[in-house]
1. Out of region 276-310, which residues are in contact (Cβ under 8 Å) with a residue 24 or more places away in the chain, more than 30 Å from A263 (Cα to Cα) and outside any strand (DSSP E or B)?
2. Just the residues that are under 11 Å from the mean Cα position of the chain (by Cα) and in a loop (DSSP other than H, G, I, E, B), please, taken from region 232-274.
3. Restricting attention to region 69-79, does a residue exist that is among the small types (G, A, S), assigned to a helix (DSSP H, G or I) and modelled with pLDDT under 95?
4. Regarding region 46-59, can at least one residue be identified that is exposed (fewer than 14 other Cβ atoms within 10 Å of the Cβ), in contact with a Lys or Arg (Cβ under 8 Å, 6 or more places away or on another chain) and at pLDDT 95 or above?
5. Is it fair to say L3 is among the aliphatic types (A, V, I, L, M), exposed (fewer than 14 other Cβ atoms within 10 Å of the Cβ) and modelled with pLDDT under 90?
6. Would it be correct to say that A95 is of a type outside the set (S, T, N, Q) and loosely packed, with under 13 Cβ neighbours inside 10 Å?
7. Could you look through region 284-335, keep only residues that are over 19 Å from Y37 (Cβ atoms) and among the acidic types (D, E), and pick out the one that is surrounded by the fewest Cβ atoms within 10 Å (Cβ to Cβ)?
Amino acid sequence: MMLVGLLGACREENSPVLPQAIKVGVAQPLQQAVTSYLETTGNAAAFNTVDLVARVEGVLTTIAYQDGASVKQGDLLFVIDPAEYQAKLQQAQAALASAQAQVLQTEAEFTRQLTLSRERWSAATTVDQARAQRDTARASQASEEAGVTLAALNLSYTRVTAPFDGMVTAHLVSAGSLVGVGGPTKLASIVQLDPIYVNFTISEQDVLRIRAQLAQHGRTLRDLGAIPVEAGLMTEDGYPHQGRLDYASPQVDQASGTLTVRAVFPNPDRALLPGNFLRVRVPLGQPQQALLVPDHVLGTDQGGRYALVLDQDNVVQQRRVQPGQLVGNLRVIEHGLASDDRVVVARTQRALPGSKVVPQPASITPTTTSAALAGP
């Protein structure tokens with residue numbers, strides 16, 4: 001009996017332990033309408049920038065704004081002592097009144113001499129002299145009128161106003177300073193931030209792609225305003241700013257093989273500032289159906305990118321794929337996968353090519369609200 005028990009114990013100890021089946025999560029690629037984008041980077045630039053200068057000589061008497069303030073077109077910003085220029089305008093107006101009186105007198109004299117000449121009471125030379133005096137008086141009046149215009153213009157220069165809506169920089173000259181001596185004196189600058197430009201470059205190949213897309217809709221590069229552009233700051237998610245193309249350089253830079261392009265964006269809340277570095281994208285055509293898988297499930301080796309899929313016997317296979325653009329956490333697969341393929345999306349580190357696994361249903365869930373996804 002003891003021998004039989006020992007033999008039984010030996011059989012229990014030597015029985016093989018079967019390995020547990022490897023379970024992996026699999027899912028079919030997500031089918032979704034996706035807009036193809038041209039993605040690049042750019043920089044914001046002011047829509048308008050102007051230096052505010054003193055165009056006449058005088059003492060700066062008033063600074064009528066707060067440094068960095070937002071102003072409207074026509075708002076008063078600086079005042080230069082207008083007393084001298086007001087006096088010069090009055091002087092010019094008085095000279096004009098004298099010239100006008102002289103014109104009236106010479107015209108009356110010319111009319112009188114012309115009448116006497118017709119009645120043969122005045123010589124032709126006397127008529128000619130009267131005519132010359134009248135014409136001289138008229139010319140003098142025109143000169144005085146120009147003097148009044150010039151004096152009024154100089155007087156207007158004593159009030160420096162905003163040429164457009166924008167933000168004014170800190171003043172560079174203090175009140176009480178003599179400005180405009182020897183030439184214009186810079187007082188400050190005004191910058192228009194709404195709207196705002198975003199400048200970027202695209203490759204020659206991308207130019208051809210955009211032109212092809214426009215041609216499909218019967219448009220050319222002249223119809224730039226019809227092309228939407230999206231932009232986002234480095235600290236922002238996605239591309240929250242919406243604008244339109246408004247300029248493209250007429251020629252490709254031969255040195256870099258790129259084309260300079262500019263878009264204009266509404267900027268009412270001043271979220272974008274000149275000099276900001278931006279992520280930019282331009283849609284290329286209408287949304288098209290595409291297959292997407294989580295970007296993290298794709299592997300890389302010397303042959304390129306690949307995905308792990310299961311065949312009909314649940315054996316892991318390595319499939320070469322051609323990845324496209326990234327849409328949130330999902331990667332568009334341009335080539336290499338079919339809509340009914342079972343892609344390993346969970347526990348991928350345990351799924352080795354050639355091994356048989358137990359598939360577990362999984363799902364692919366986008367974690368983005370990006371506008372690249374369209375449709376249901």
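The values are calculated or read from the model by the stated rules, or taken from the named source; none is laboratory data. A quick note: this is a predicted structure, and the numbers were derived from the prediction, not measured. Note that each Cβ is placed from the backbone with ideal geometry, even for glycine, and that neighbours are counted across all protein chains shown.
1. D295, H296, V297, L298
2. If the condition is that a residue be under 11 Å from the mean Cα position of the chain (by Cα) and in a loop (DSSP other than H, G, I, E, B), then P266, N267, L272, L273, P274 are the ones that fit.
3. To start, the set of residues in region 69-79 that are among the small types (G, A, S) comprises 69-70, 74.
Cutting the leftovers down to assigned to a helix (DSSP H, G or I) gives us none.
Checked against the condition, which is being among the small types (G, A, S), assigned to a helix (DSSP H, G or I) and modelled with pLDDT under 95, region 69-79 yields no hits at all.
4. Checking region 46-59: at least one residue is exposed (fewer than 14 other Cβ atoms within 10 Å of the Cβ), in contact with a Lys or Arg (Cβ under 8 Å, 6 or more places away or on another chain) and at pLDDT 95 or above.
5. yes
6. no
7. Per the stated criteria, the residue is D313.
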